[in-house]
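First the structure, in the form of structure tokens, and then the observations on it.
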Amino acid sequence: MILLDGKALASTIEKDITNEGSKLRNQGIVPTLAVVLVGEDAASCAYVNMKVKACERVGIKSIAKKMPENVSEEELLKIIEELDKNEEIDGILVQLPLPKHINTKLVLEAISYQKDVDGFHPFNIGRILAGIEAFAPATPLGVMNLLKNYNISVRGKNVAIIGASNIVGKPLASLMLNAGATISVCHILTQDLAFFTRSADIVCVGVGKPDLIQADMIKEGAVVIDIGINRLENGKLVGDVAFESVSKKASFITPVPGGVGPMTIVSLLQNTLLAAKNRKIKN
Ligand code: GUN
């Protein structure tokens with residue numbers, strides 16, 4: 001079994017981003033990301049802090065906009081519009097989930113697709129689906145980069161994706177389909193999950209249920225990508241895979257923490273650098 005070391009790979013990619021970023025800075029271009037956070041949700045605050053810190057590490061300027069939980073939809077849309085019009089800003093990220101009184105779809109569509117470094121705008125979603133170059137969401141992009149780095153091709157492989165969210169499962173299915181895989185997207189209503197996972201060469205899971213994937217649910221030599229992040233009562237961070245037993249059967253497996261998580265963050269940085277180049281380097 002080989003551990004897919006997302007932490008090490010992300011750190012290597014961060015060095016490349018830092019180098020490229022400093023070349024841009026020498027040309028007077030400062031890649032800039034606006035991060036919008038509504039409310040005080042602990043997990044969202046932690047993610048936003050991680051993203052801001054990662055920007056600092058690689059020399060991307062970040063602008064954090066924090067708003068109270070009760071901010072009106074109108075006010076939030078006004079702020080997004082200002083960020084969108086601001087020529088200095090290359091990427092805008094609105095941390096999800098938003099409070100219930102705010103229409104997430106309206107907010108995401110208020111970001112112009114050129115600044116949508118999260119890849120959540122329907123324009124970018126559609127282009128990814130059609131196999132056209134676009135910003136892809138950070139987690140699926142991170143998974144694809146991790147597989148690529150370990151020379152794991154998805155072409156002609158059977159892939160089971162567990163979790164059908166707009167942020168992870170659906171875009172990951174699109175990217176893998178475009179790369180030649182046969183995809184089963186499983187979700188909460190899927191009957192006999194093991195039927196799909198057992199026939200999969202690659203299993204990707206991200207639903208937030210510790211120990212969901214057990215050793216008897218995967219075939220010998222499968223590649224296992226754990227996208228789940230769960231904090232146990234004892235404070236330990238675990239994924240959705242029963243790591244101890246599954247790792248004995250898998251050919252490759254991601255650890256949690258240190259697998260997909262760092263790849264997600266670095267993919268956001270890559271998207272932001274790309275947005276800066278697209279917007280600020282005139283051909
Ligand atoms: N909430 C959970 N994952 C994400 C993500 O990748 N981006 C944003 N903006 N919000 C999230």
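Only the coordinates and a few stated rules stand behind these numbers; no lab work does. Quick caveat: nothing in here was measured; it's all calculated off a predicted structure. FYI the Cβ positions are ideal-geometry reconstructions off the backbone, even for glycines, and counts take in every protein chain you see.
Here are the numbers:
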read-out: Crossing angle, helix 169-178 versus the chain [Cα axis fit, 0-90 degrees, rounded to tens]; value: 80
read-out: Projected label distance in nm at residue 74 and residue 165, using a 7 Å step from Cα toward the beta-carbon; value: 3.2
read-out: Of all DSSP beta bridges in the chain, antiparallel share, percent nearest 5; value: 5
read-out: Packing rank of 241-252, 178-189, where each peptide gets the mean count of other beta carbons within 10 Å, highest leading; value: 241-252, 178-189
read-out: 5 Å-binned pair-distance histogram of the stretch 1-130 (Cα, whole percent); value: 2, 10, 17, 19, 20, 15, 10, 5, 1, 0, 0
read-out: Links that overshoot a 23 Å alpha carbon limit, given the list 23/85; 65/209; 7/248; 53/78; value: 23/85; 65/209; 53/78
read-out: The chain: angle of helix 73-85 to the longest principal axis, Cα-based, in degrees nearest 10; value: 80
read-out: Within a Gaussian network of the chain (alpha carbon springs, distance under 10 Å), most fluctuating of 160, 42, 64; value: 42
read-out: In degrees, nearest ten, helix 260-280 long axis to first principal axis of the chain (Cα); value: 40
read-out: Highest to lowest packing among 111-122, 227-238, 79-90, 264-275, scored as the average C-beta count within 10 Å; value: 264-275, 111-122, 79-90, 227-238
read-out: Residue 177-residue 104 pseudo-label distance in nm [points 7 Å out on the Cα-to-Cβ vector]; value: 2.0
